[in-house]
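Values quoted throughout were computed directly from the atomic coordinates according to the rules given, and no laboratory measurement underlies them. Computed from a prediction, not measured in an experiment: that's the story for all the values here. Virtual Cβ from ideal backbone geometry, glycine too; neighbours counted across all protein chains shown.
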Amino acid sequence: MRNVLTAYRVLATVVGVSIIVLVLVGLPLDKLHTLSPGVFPPGSTGQKIGADISAVLGTAHGFIYMGFLFVAFVLSRMARWSLLFTAVTLLCGTVPILSFWAERRAVRQVQALLNAPPPTGDQVTFVSR
């Protein structure tokens with residue numbers, strides 16, 4: 001489970017950073033000319049840079065997010081997260097800055113599970129046939 005947790009942390013960080021750059025840098029540069037064409041004309045260097053960031057990073061973010069969804073889902077099954085906890089964790093990857101809160105929350109829960117003492121021999125174990 002530690003390897004899946006590491007993959008989850010890396011993907012969550014990359015997804016979080018990429019969506020912040022996309023939403024707070026790329027899209028504003030690309031679309032600012034619609035608000036103030038006199039100050040920021042269409043076809044300007046800034047608008048072209050924004051369009052390139054939006055195109056390249058938008059596509060990359062989409063593929064990375066699909067990997068994040070897969071790894072987060074696998075981790076959710078391994079850690080036996082509730083359906084609500086899983087859904088919140090997966091959806092927060094689409095919200096800038098909130099994705100970091102969800103990642104930290106999920107990592108804390110999995111680390112607590114990994115650091116929990118093993119069950120004692122006094123507990124009854126049921127085996128299904």
Of all residues in the stretch 61-92 being of a type in the set (Gly, Ala, Ser) and free of Cβ contacts under 8 Å to residues at least 12 places away in the same chain, which is nearest to residue 7 (Cα to Cα)?
62
Do any residues in the stretch 96-114 that are closer than 19 Å to residue 73 by Cβ have Cβ atoms under 8 Å from those of residues that are of a type in the set (D, E, K, R) and in a helix (DSSP H, G or I), where the two are at least six apart or on different chains, and which pairs are they?
103/9; 107/9; 114/2
